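Readers should treat all values here as calculations from the given coordinates under stated rules, not as data from a laboratory. Not measured: the values here are computed from a predicted model. Ideal geometry is used to build each Cβ from the backbone, glycine not excepted, and the neighbour counts take in all protein chains shown.
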Amino acid sequence: MTENKASSRNGLLIDYEFCTGCHSCEVACMKELKLPPEQYGIRVLEDGPRKTPKGKWDWTYLPFPTSLCDLCEDRVKAGKKPSCVQHCQAAIMTYGPVEELSKKLAEKPKMVLFTPV
Ligand code: SF4
Ligand code: SF4
């Protein structure tokens, strides 16, 4: 990969600590990609609720784009944000250059950076 290609590569930064599990991103993505039932461009997984040995509760939602995600190529070309970013009720998703997003990873825990194949 050339330096130019690397610096222009985009991705999604997901701050899952504040994901509410509302599934709006799944619906927005399905509509954007015009997917049939049971097909998803993004899934929201749920872990818990479960009491840890230390007596704390773990209950986590983790949204992750699937292999069908094209980072909303058409919307982005038209100057819009990706549909999941636009419709996330908790505003926890950020779209942008991977280089910039990866710097934000150091700012707080419980974030993931998605980059398409
Ligand atoms: S960026 Fe677009 S295609 Fe990818 S998960 Fe979000 S809404 Fe779906
Ligand atoms: S729309 Fe946002 S808050 Fe709702 S499930 Fe998706 S990522 Fe989580």
In degrees, nearest 10, range 0 to 90: what is the angle between the Cα axis of helix 24-33 and the longest Cα principal axis of the chain? 30
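What's the extension gain from K54 to K103 if we count 0.36 nm per residue and subtract their Cα-Cα distance?
Details: separation 49, 0.36 × 49 = 17.64 nm, distance 3.20 nm.
Between K54 and K103, full extension yields an extra 14.4 nm.
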With -39,500 (n - 2.57) per DSSP H segment of 4 or more residues and division by the full residue count of the chain, the 222 nm estimate, nearest 500 deg cm²/dmol, is -7000 deg cm²/dmol
Can you give the alpha-carbon Rg of the chain over 2.2 N^0.38 Å, where N counts its residues? 1.14
GNM of the chain, Cα pairs under 10 angstrom: of T52, T20, T60, the biggest fluctuation goes to T52
Put in order of increasing Cβ neighbours within 10 Å, starting from the fewest, D70, D15, D47 give D47, D70, D15
Loop-located trypsin sites (Lys or Arg not before Pro) in segment 57-102 whose Cβ has at most 15 other Cβ within 10 Å (DSSP): K80
